[in-house]
């Protein structure tokens, strides 16, 4: 059964179309990554799925409940956590838990049971009486997640849940997500950390309000089939980049830190040939390799294609 | 019901930890009570009086003692010329000068009419009016004991004024009800507005919206603690005024509580409305001050009588809730006015509360869509 079904969903704000004819489904127990830059339409989509914003057109069900028809029903079935870790700073860990439990109508026995679960999950034992504002980022994040799953929702929405948290805490957090998913909780997570997206079972790339790619991470990367990517490290990266761009076999280049990624139109061009041509132009090549496409490559490719498509028509929605 | 309880408990716990809010809620009323009760006093006592006694007779001396013994005047200097008197007035060493002409004693003992001059510094019109009033009454009393009184008194109709409800015309009795109206309005508008905008700023309101909670119980749970705190604080100010200034309570406590509650409801509604139009605590605080402080202070009849305002401003006062609350409060406390006579005021306050709460819930509902 699908936990989330989205069918041609759109939302307009005046003349601006924030979400444009988006369709996808999320299976139960799946970790579904929703990727896109700021303003791509991620948050608007999430707000519609949480029953907070009415769709302009199209339809969506969450846990089998229509988001436009019964927003309150949707809210009972979901947990939500955003990057702001909306805790009450002046309340203790325990008081935050009690408050959210009260809001979701947990009775005494269930609160006691879930409280134990959350304290264990977030590693907050012994800190029950610490004020939320005195917790470090990672702890606050895990407490916020704990509060979001107090009522054992079958579906969890995470809106950029790892913003402003150190890498170690991020890894711990993702381990929790994996556990929840293994227990059958469906997780829809937005992020712009692409290494996090690699941990999702499936991802959707959204750009300019439209769904640009969807599938497993490997599926999404398959747009690079027949278009190998080479990574060049040179002493003069900028010169290397323009030299590569000048080669007819090179489709496009981009900078990845100090390395240059070049997407080739053909497998016919060998990396030895590239090294020779670069050296002929006086560029000292340190390393040159064929690399598997990363999600970042995919993302840049999708954005490029979308931007090239826009002015020539076609996307005049 | 569970929502209301959960939210109220959370709010109370937050208030308890929020020292700044607590401090403001405890100290502002105390400070205002002291400032307004003691410093803002329209009563005039101990007026510095200079005397130019050109007569120097037993009669003139007895008139001077009548002034000094009244308690309203303090004798500061005896002067011997108009120029000297003027200098004292200029330097503010004297606020009034009593000039008794030569031959005063002889004229009054023989049953004649003798003029005396009282020069009053008019730089503060309120004080000057009061001083003239005191001087007139002292002179009347003094004249009554003189031989000429019987023959001079020719007026067939005399006025014998009686001031009811506040016979000594003490300012605190007039001001303290206004102060209660002012403080409760100020505190409940700002605290409600801030408590909601704080949740907007911290993002917790977004999280609440994601929960299966209706707006009404949430708002009710949030405002309930402030309603109770405002009620308690008003009661404290009231009891303190009874102890410190002898504020009477001639009416019914129940009527008073009902009036105060409906007035507070309007204030909370105003605070909610302010919270829907502001995104930051700073903006909310400024708007809250503007809508609660100014009208309540200037346009309610707290200090400036509505009857002496220009027609346009008088019209504006009709939408200031403190205006009605003050009429009711002064009525209940000073006159013992009954509940039935205050129905119009209660109606006006209820209408205000209804409009404010209605507008606020309309805007809050729109924020959700």
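The values are calculated or read from the model by the stated rules, or taken from the named source; none is laboratory data. Just so it is clear, the structure is predicted and the values come from calculations on it, not from any experiment. All Cβ positions, glycine included, derive from the backbone under ideal geometry; neighbour counts span all protein chains shown.
What to note about this one:
- Test result for residue A:134, farther than 21 Å from residue B:204 by Cα and surrounded by fewer than 16 Cβ atoms within 10 Å (Cβ to Cβ): no
- Residue count for the stretch B:216-251 satisfying the condition of being in a loop (DSSP other than H, G, I, E, B) and either surrounded by fewer than 16 Cβ atoms within 10 Å (Cβ to Cβ) or within 13 Å of another protein chain (Cβ to nearest Cβ) (or both): 4.
- The stretch A:131-145, residues that are part of a helix (DSSP H, G or I) and under 28 Å from the mean Cα position of the chain (by Cα): A:132, A:133, A:137, A:138, A:139, A:140, A:141, A:142, A:143, A:144, A:145
Yes or no, residue by residue, for (1) in a helix (DSSP H, G or I); (2) buried (at least 20 other Cβ atoms within 10 Å of the Cβ); (3) in contact with a helix residue (DSSP H, G or I) (Cβ under 8 Å, 6 or more places away or on another chain):
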site: A:118; (1), (2), (3): yes, yes, yes
site: A:129; (1), (2), (3): no, no, yes
site: A:147; (1), (2), (3): yes, yes, yes
site: A:168; (1), (2), (3): yes, no, yes
site: A:175; (1), (2), (3): yes, no, no
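- Apart from one condition, residue B:206 fits all of (1) within 14 Å of chain A (Cβ to nearest Cβ); (2) at pLDDT 90 or above; the exception is (2).
- Matching option when the condition is part of a helix (DSSP H, G or I) and under 18 Å from residue B:181 (Cα atoms), among B:364, B:342, B:359: B:342
- Of the residues making up the stretch B:299-310, those that are surrounded by 15 or more Cβ atoms within 10 Å (Cβ to Cβ) and without any contact (Cβ under 8 Å) to a residue 40 or more places away in the chain are B:299, B:306, B:309.
- Number of positions in the stretch A:6-51 that are crowded, with 19+ Cβ neighbours inside 10 Å and within 14 Å of chain B (Cβ to nearest Cβ): 9
- Criterion (in contact (Cβ under 8 Å) with a residue 60 or more places away in the chain and in a helix (DSSP H, G or I)) met by exactly one of B:313, B:272, B:294: B:272
- Within the stretch A:74-108, the residues that satisfy the criterion of being at the interface with chain B (Cβ under 8 Å from one of its Cβ atoms), in a helix (DSSP H, G or I) and more than 22 Å from residue A:119 (Cβ to Cβ) are A:75, A:76.
- Residue ranges of strands (runs of 3 or more DSSP E) in the stretch A:177-279 with at least 2 members at positive phi and modelled with pLDDT of 90 or more: none
- Residues of the stretch A:196-249 satisfying the condition of being without any contact (Cβ under 8 Å) to a residue 24 or more places away in the chain and out of contact with any strand residue (DSSP E or B) (no Cβ under 9 Å at 6 or more places or on another chain): A:218, A:225, A:246, A:248
- Residue within the stretch A:82-104 that is more than 25 Å from residue B:219 (Cα to Cα) and crowded, with 19+ Cβ neighbours inside 10 Å present: no
- Here residue B:213 passes the criteria (1) within 22 Å of residue A:104 (Cα to Cα); (2) touching a helix residue (DSSP H, G or I) at 6+ places or on another chain (Cβ under 6 Å); (3) in a helix (DSSP H, G or I); (4) within 14 Å of chain A (Cβ to nearest Cβ) except the one numbered (3).
- Number of residues in the stretch A:52-72 that are more than 8 Å from chain B (Cβ to nearest Cβ) and not in a loop (DSSP other than H, G, I, E, B): the value is 9.
- Qualifying residue in the stretch A:118-127 (condition: within 14 Å of chain B (Cβ to nearest Cβ), touching a residue at least 40 places away in the same chain (Cβ under 8 Å) and closer than 24 Å to residue A:160 by Cα): no
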